[in-house]
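Undergrad: One structure follows; several queries about it will come next.
The values are calculated or read from the model by the stated rules, or taken from the named source; none is laboratory data. These numbers were taken from a predicted model, which means no experiment stands behind them. For neighbour counting, all protein chains shown are included, and Cβ atoms are generated from backbone atoms with ideal geometry for every residue, glycine included.
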Amino acid sequence: MGIETVVSPFLGENCYLVASPSTGDAVVVDPGVATAGAAGRRIVEQGWRPVAVLLTHGHPDHVWDAAEVSATWSIPVYVHRRDEPYLDNPLAGMAPFGLPTPGLVLGSRPSATWHRPADVRVIDTADDGGAHLAFGDLAFRALACPGHTPGSTVFEVTGVGPDPAILTGDVLFRDGVGRTDLPGGDRAAMRSSLVSLIRSFDHSRAILPGHGASSTLGREVVSSPYLAEALEV
């Protein structure tokens, strides 16, 4: 599979490099705190050609290096319309919850200051919550999954190997789901999103979450009490 992971030192966030084996086109998904350097080195080593940045949602641990990646490679940043306002200041509203900030990792370096990407493009999903994005032979099916944030988005990607994979951001983890107690969170919306996720994708699909280890959708359907609860509602 043409997907590699760069793990951020901030909250262990997973930045994914999704590359086409045939063309070398590459999409950077969720370039979090201090991931731009490692991601860039890997891109150069592999001879890939970055074409876009995709964001699963607008929280700082997932978007912090988006401006740097976008500027380095002159590529646009895509985010769901409902989370686009987060890019004005992804830290807004987070401090009252006692959450750590990127400054704990970055110290006084210039990158400790938030910069909005210059080229932001919104993903506007249809009534069924879906949208399609294509970059060469890399194809992404975007599914709106609000609950963690209003614009949380899950991406199914094809064109990287024999089997599609699902990039779930902070919607679904191995043995867990995203929290809903932060600004913009909605527990009822999260339950609905989990049901939509279960019903929209083949359960054999690998899931690549925003934090932690990978899994399969089928494994989580069988073992996760959170999914069981969502299906009961």
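Undergrad: Does the range 141-179 hold any residues that are acidic (Asp, Glu) and touching a strand residue (DSSP E or B) at 6+ places or on another chain (Cβ under 6 Å), and which are they?
TA: The one that is acidic (Asp, Glu) and touching a strand residue (DSSP E or B) at 6+ places or on another chain (Cβ under 6 Å): Glu156.
Undergrad: Still on this structure, I have one more. Got at least one residue in the range 119-129 being modelled with pLDDT of 90 or more, under 26 Å from Ile166 (Cβ atoms) and small (Gly, Ala, Ser)?
TA: no
Undergrad: Could you check Ser193 against (1) in contact with a Cys (Cβ under 6 Å, 6 or more places away or on another chain); (2) among the hydroxyl-bearing types (Ser, Thr, Tyr); (3) in a loop (DSSP other than H, G, I, E, B) and say which number it fails?
TA: All conditions pass for Ser193, except number (3).
Undergrad: Here is a follow-up. Among the candidates Arg191, Arg187, single out the residue that is over 18 Å from the mean Cα position of the chain (by Cα) and surrounded by 20 or more Cβ atoms within 10 Å (Cβ to Cβ).
TA: After ruling out the rest, the residue left standing is Arg191.
Undergrad: Just checking, how many residues over the range 35-47 are surrounded by 22 or more Cβ atoms within 10 Å (Cβ to Cβ) and either not in a helix (DSSP H, G or I) or not hydrophobic (A, V, I, L, M, F, W, C) (or both)?
TA: Adding up the residues that qualify gives 1.
Undergrad: Assigned to a loop (DSSP other than H, G, I, E, B), in contact with a helix residue (DSSP H, G or I) (Cβ under 9 Å, 6 or more places away or on another chain) and crowded, with 17+ Cβ neighbours inside 10 Å: is that true of His203 in this structure?
TA: For His203, the condition - assigned to a loop (DSSP other than H, G, I, E, B), in contact with a helix residue (DSSP H, G or I) (Cβ under 9 Å, 6 or more places away or on another chain) and crowded, with 17+ Cβ neighbours inside 10 Å - is not met.
Undergrad: How about the range 211-233: which of its residues are assigned to a loop (DSSP other than H, G, I, E, B) and under 10 Å from Gly176 (Cβ atoms)?
TA: Gly212, Ser224
Undergrad: Also: Contact list please: Cβ distance under 7 Å, first residue in the range 117-137 and within 22 Å of Val195 (Cβ to Cβ), second residue hydroxyl-bearing (Ser, Thr, Tyr), pairs at least six apart or on different chains.
TA: So the pair list comes out as Ile123/Tyr78; Ile123/Thr153; Gly129/Ser196; Ala131/Thr125.
Undergrad: Given Pro85, Pro76, Pro100, which one is surrounded by fewer than 19 Cβ atoms within 10 Å (Cβ to Cβ), over 29 Å from Asp137 (Cα atoms) and at pLDDT 90 or above? Write out each step before concluding.
TA: Details: Pro76 fails: over 29 Å from Asp137 (Cα atoms); Pro100 fails: at pLDDT 90 or above.
Within the list Pro85, Pro76, Pro100, the selection yields Pro85.
Undergrad: Given the residues Ser193, Ser152, which is the only one that is more than 14 Å from Leu54 (Cβ to Cβ), in contact with a Ser or Thr (Cβ under 8 Å, 6 or more places away or on another chain) and modelled with pLDDT of 95 or more? Give the derivation first.
TA: Values: Ser152 fails: more than 14 Å from Leu54 (Cβ to Cβ).
That would be Ser193, the only listed residue that is more than 14 Å from Leu54 (Cβ to Cβ), in contact with a Ser or Thr (Cβ under 8 Å, 6 or more places away or on another chain) and modelled with pLDDT of 95 or more.
Undergrad: Criterion first (part of a strand (DSSP E or B) and closer than 23 Å to Thr149 by Cα) does Val27 satisfy it?
TA: yes
Undergrad: Kindly indicate whether Arg116 is outside any strand (DSSP E or B) and either surrounded by fewer than 22 Cβ atoms within 10 Å (Cβ to Cβ) or β-branched (Val, Ile, Thr) (or both). Explain how you work it out, then say what you get.
TA: Numbers: outside any strand (DSSP E or B): yes; either surrounded by fewer than 22 Cβ atoms within 10 Å (Cβ to Cβ) or β-branched (Val, Ile, Thr) (or both): yes.
Taking the combined requirement at face value, the residue satisfies it.
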